[in-house]
Amino acid sequence: MPELHAAERLELEAIARRFEGALAICASRLDEPASVVEVAADEVFPAASLIKVAVALEVFCQIEEGFLARAERVALKGDDKVIGSGVLTELADGLTPTLGDLVYLALAISDNTAANVLIERVGVFSVNRRLAKLGLEKTRLSGKILTHETKHGAPSPEAEDYGAAPSTPKDDRDDGRGERSPTTARELVRLFTAIHKREDLPPAACEALLDVLQKTQTASAIRRGLPEARFRDRTPARLCNKTGSIRGVVNDAGIVATDRGAYAVALLSKGSKDLRPTQDNVGRIALAEASRVVYRAMRGE
């Protein structure tokens, strides 16, 4: 695999400079570890809903290790419901989805309530212990997602930091701001690499997780940067990914499989004042542009 062309390296740096906030980019060929593309890959960003991948991984690992059952049902309570993406907040209390159902909802449509029920079931400590065993030093689950804002409301405009400051987890306590769990682009690539290669993880757990991630329904900046992205069945690349966004933050990470091999990629942004949940949000556009360059680089074009 050839080194990244200088022109493409400059193109990624230019995309980062044009963006009004901060961008981090990291991608690595899964069959050629030395082939890496990166911009600010070690800078800490809020994970937003990307942290749900770590939660789902822990659920599937505990299933394979015999501590949980995928068919186990959990009763939905009114206190479980939080603001943001998903459908469970609109459904009746007492609903009893399975753990498998909750993982699908948390990943495919990024249901915050589903993710929080799973966090309650496996625990913040267990998620973070698994991440540490994989060698991730900066990526941590800081708590349930959006429970603080559900109870206390969003910050005032004067206090808004546009996602610039992630949580700083201490002693695996739940701070109610799991959407601000810290991560880096490099560590997300490391996480997806471990999942792809089944490194220090139950193989069946990795397979189950990737099966759900390929069904992601939320708008993907990575996919937007792939050829013929408007036609999911025509693009020559296959994608297993998770998106995430909070005010000022747009993220996307996962695995792209092409006819010339596969690569793990993480695209992170923070500090944008464009809060529109639309496809022309400047963060989404910047990440899609980066995805396009990364795709060319990883294929050696």
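Bear in mind these aren't lab numbers, they're just calculated from the coordinates by the rules spelled out. Given the structure is predicted, the values throughout are model-derived calculations rather than measurements. Cβ coordinates were reconstructed from backbone atoms using ideal geometry, including for glycine residues, and neighbour counts include every protein chain displayed.
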- Item | Lys/Arg +1, Asp/Glu -1 at C-beta; the chain dipole; positive extreme among L213, P236, P155 | P236
- Item | Quotient of C-alpha Rg and 2.2 N^0.38 Å, computed over segment 118-182 | 1.18
- Query: So which chymotrypsin sites (Phe, Trp or Tyr not before Pro) in segment 63-169 end up in coil per DSSP with only 15 or fewer other C-beta atoms within 10 Å?
  - Reply: F67
- Burial order of peptide ranges 275-282, 95-102 (average beta-carbon count within 10 Å, highest first): 95-102, 275-282
- Task: Could you work out how far helix 282-299 tilts from the main Cα principal axis of the chain, as a 0 to 90 degree angle to the nearest 10?
- Result: 60
- Query: Exactly which GluC sites (Glu not before Pro) in segment 191-294 are in a DSSP loop and have at most 11 other Cβ atoms within 10 Å?
  - Reply: E228
- For the pair R70 and E199, what calculated FRET efficiency results from E = 1/(1 + (r/R0)^6), where r is the Cβ-Cβ distance and R0 = 22 Å, to the nearest 0.05? 0.45
- May I ask you to derive the relative contact order of the chain, considering only C-alpha pairs under 8 Å and at least 6 residues apart, and to give it as an integer percent? 26
- Item | Sparse-neighbour loop sites [trypsin sites (Lys or Arg not before Pro); segment 122-181; at most 11 other C-beta within 10 Å; DSSP] | K170, R173
- Message: Please compute, for the alpha-carbon atoms of segment 1-121, the extent along each of the three principal axes and give them in descending order in Å.
- Response: 57, 35, 19
- Note on the structure: Contact order relative to length for segment 146-301, counting C-alpha pairs under 8 Å separated by 6 or more residues, stands in percent at 22
- Item | Flagged links, alpha-carbon separation over 20 Å, of K215/K273; K151/K273; K77/K144; K52/K81 | K215/K273; K151/K273
- Message: Between 0 and 90 degrees, rounded to the nearest ten: what's the tilt of helix 124-133 against the longest Cα principal axis of the chain?
- Response: 30
- Query: How many nm is it between the label spots at E137 and D31, if each spot is 7 Å from the Cα in line with the beta carbon?
  - Reply: 3.2
- Determine the gain in length on full extension of the stretch E301-E20; use 0.36 nm per residue of separation and subtract their C-alpha separation, reporting nm with one decimal. 98.3 nm
- Which shape class applies to segment 74-118: rounded if a/c is under 1.5, otherwise prolate when a/b exceeds b/c and oblate if not, where a ≥ b ≥ c are the square roots of the Cα gyration tensor eigenvalues? oblate
- Task: As a check on your grasp of the helix formula, calculate [θ] at 222 nm for the chain: sum -39500 (n - 2.57) over DSSP H runs of n ≥ 4, divide by the residue count, round to the nearest 500.
- Result: -11000 deg cm²/dmol
- Query: Over what distance in Å are the Cα centres of segment 88-159 and segment 197-214 separated?
  - Reply: 19
- Message: Is there a quick way to get the dipole size of the chain? I mean about its Cα centre, with the Cβ of Lys and Arg at +1 and of Asp and Glu at -1; what is the value in debye to the nearest 20?
- Response: 320
- Tell me, what are the semi-axes, in whole angstrom and largest first, of the equivalent ellipsoid of the chain as set by the roots of 5 times the Cα gyration tensor eigenvalues? 29, 22, 17
- Note on the structure: Sorting V256, S272, P166 by the position of each Cα along the dipole of the chain (Lys, Arg +1; Asp, Glu -1; all at Cβ), the one nearest the positive end of that ordering is V256
- Protection proxy ranking, peptides 77-85, 241-249, average beta carbon neighbours within 10 Å, highest first: 241-249, 77-85
- Query: Based on the Cβ-Cβ distance from E228 to K170, what FRET efficiency comes out when R0 is 45 Å, to the nearest 0.05?
  - Reply: 0.45
